[in-house]
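Heads up, the thing below is written out as structure tokens.
The values are calculated or read from the model by the stated rules, or taken from the named source; none is laboratory data. As the structure is a prediction and not an experimental result, all values here were calculated from the model. Because the Cβ atoms are built from the backbone with ideal geometry, glycine has one as well, and the counts that use them run over all protein chains shown. The accessibility values were calculated without ligands, DNA or RNA, using every heavy atom of the protein model including side chains. Shrake-Rupley method; radii C 1.70, N 1.55, O 1.52, S 1.80 Å.
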Amino acid sequence: MCFKLNFLQMDNTFEAYIKKYLADQYGERSEELYSLSYILQYLVNKTKSANRGAKSRSSFANLYAIYVIVEDYLKQGFDKNGTYAQYEGAQFSVLFKRQRELPFGARLQNHALNSRMNEEFFKFFPTQKGNYPIMRDLKTQRYWFNENYLKIRIGQENINIAQDIINIIDDYVVAKKESFTQFIEKCQQLQTIEDKEPEKIMSFILSLLAPNVDSRLFEIVSYAILKFFYRDQHIYWGYTMEEIRKDYLHLYKTGRTNANDGGIDFVMRPLGRFFQVTETLDFKKYFLDIEKIEKYPISFVIKIDESEEAILDKLKSDAIKTYVVESVVKDYLECIDEIINISKLKHYLKKLKNEGKISDVLKEIRLQSKVEFNYEEDED
């Protein structure tokens, strides 16, 4: 069973799919089953957070941490034989390898298996703190899934939802993959018209600059726009008057989206400008990024439509409530080199269209998206 989602601007339809799946499987017991299962509720929360535009990498990492351990549980037949308590546990190396074999999982790290899934689970369900869904032995590097979360008792019946968890995650991944394929195909179709109908390309890219668009995609689109916006700009510099030379600005993407890279998403040469992409107005996040690079000036690319003045005012007013001392807040805010909001990105995109570079932006979006989402076309 597969349920299609719109990759660009997803609503909460996958929650509806999960509820329908449970109704099909369990009939009248489905609502009670859902209300008693923290893991099923967690799956709904994870797909909801992706729908709200949270970065998808964390969603897949935590979902796959559950997936590979529960998959091992089923392969060993523990849902049938009831001997899981005597199991020596799944090997980390096997689970980690399996994670990376899954769609979108080629570059996942070990954080979700080791702690992040559990940490996020307790954020959703604080009353369960201490009852870890993923259990591990640090010495042996063996892993188990807490069977209490897999076995749900309704009346006189025990229901094991291990296979349901696998089915739901499988269908979510298929839905995301199909939607992303449609996105890539749309890019390809628009590429064929190139300069003939630039308005269509413009309209498509503008649709990717909405506050509710997937955050990984927003980072890719903002990079593509800024890369070509700066590319024809140049500076003159040198160590001596005799060595002065002309250099064009070049924007580099430092890694994959949501990477643990110290808060640097893009770097510009030769100016040495740093850029960080974010979707929040939590001043603590900004100040933390500034601290990570020892208060080196940084520009923020923000997935928000508010004006630059409004953004800075909010950061300042919220920070003063916590820090109280205005000079401390001023010190941090002076490290913000530039605020690049959605409106500014749209303005830059319009300039690029007028300069005949809109097709270059689309090509870059397609290229970076394929790299980011580990997408391979048959013809490639």
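Quick notes
- Failed item, numbered, when D360 is tested on (1) under 24 Å from the mean Cα position of the chain (by Cα); (2) at pLDDT below 95; (3) part of a helix (DSSP H, G or I): (1)
- For L208, the requirement of being crowded, with 16+ Cβ neighbours inside 10 Å, touching a Phe, Trp or Tyr at 6+ places or on another chain (Cβ under 8 Å) and over 29 Å from Y64 (Cα atoms) is not met.
- Looking only at residues of segment 214-243 that are buried (at least 20 other Cβ atoms within 10 Å of the Cβ) and of a type in the set (A, V, I, L, M), we find that the one that is farthest from I365 (Cα to Cα) is L226.
- Those residues of segment 131-168 which are in contact (Cβ under 8 Å) with a residue 24 or more places away in the chain and on the phi > 0 side of the Ramachandran plot, in sequence order: Q141
- Members of segment 20-42 that are among the small types (G, A, S) and out of contact with any helix residue (DSSP H, G or I) (no Cβ under 9 Å at 6 or more places or on another chain): G27
- Filter result (touching a Phe, Trp or Tyr at 6+ places or on another chain (Cβ under 7 Å) and of a type in the set (G, A, S)) within segment 231-257: none
- Flag if T127 is open to solvent by 50 Å² or more (accessible area, probe 1.4 Å) and farther than 27 Å from G77 by Cα: yes
- Residue in segment 251-261 that is among the hydroxyl-bearing types (S, T, Y), open to solvent by less than 70 Å² (accessible area, probe 1.4 Å) and modelled with pLDDT of 95 or more present: no
- Exclusive hit being aliphatic (A, V, I, L, M) and part of a strand (DSSP E or B), set V329, V301: V301
- Test: V328 is of a type in the set (V, I, T) and modelled with pLDDT of 90 or more: yes
- Residue within segment 115-127 that is of a type outside the set (A, V, I, L, M) and either more than 21 Å from Q41 (Cα to Cα) or touching a Cys at 6+ places or on another chain (Cβ under 6 Å) (or both) present: no
- Being modelled with pLDDT of 95 or more, within 23 Å of the chain's Cα centre (by Cα) and open to solvent by less than 40 Å² (accessible area, probe 1.4 Å) holds for only one residue in I304, I342, I365, and it is I342.
- Of all residues in segment 149-189, those satisfying the criterion of being of a type in the set (S, T, Y) and either open to solvent by less than 20 Å² (accessible area, probe 1.4 Å) or closer than 26 Å to L36 by Cα (or both) are Y149, Y172, S179.
- Residues satisfying the stated conditions in segment 318-339, i.e. open to solvent by 50 Å² or more (accessible area, probe 1.4 Å) and either of a type in the set (F, W, Y) or free of Cβ contacts under 8 Å to residues at least 12 places away in the same chain (or both): K321, Y323, V324, V325, E326, S327, V328, K330, E334
- Subset of segment 81-107 (residues that are aliphatic (A, V, I, L, M), open to solvent by less than 50 Å² (accessible area, probe 1.4 Å) and more than 14 Å from I69 (Cβ to Cβ)): A106
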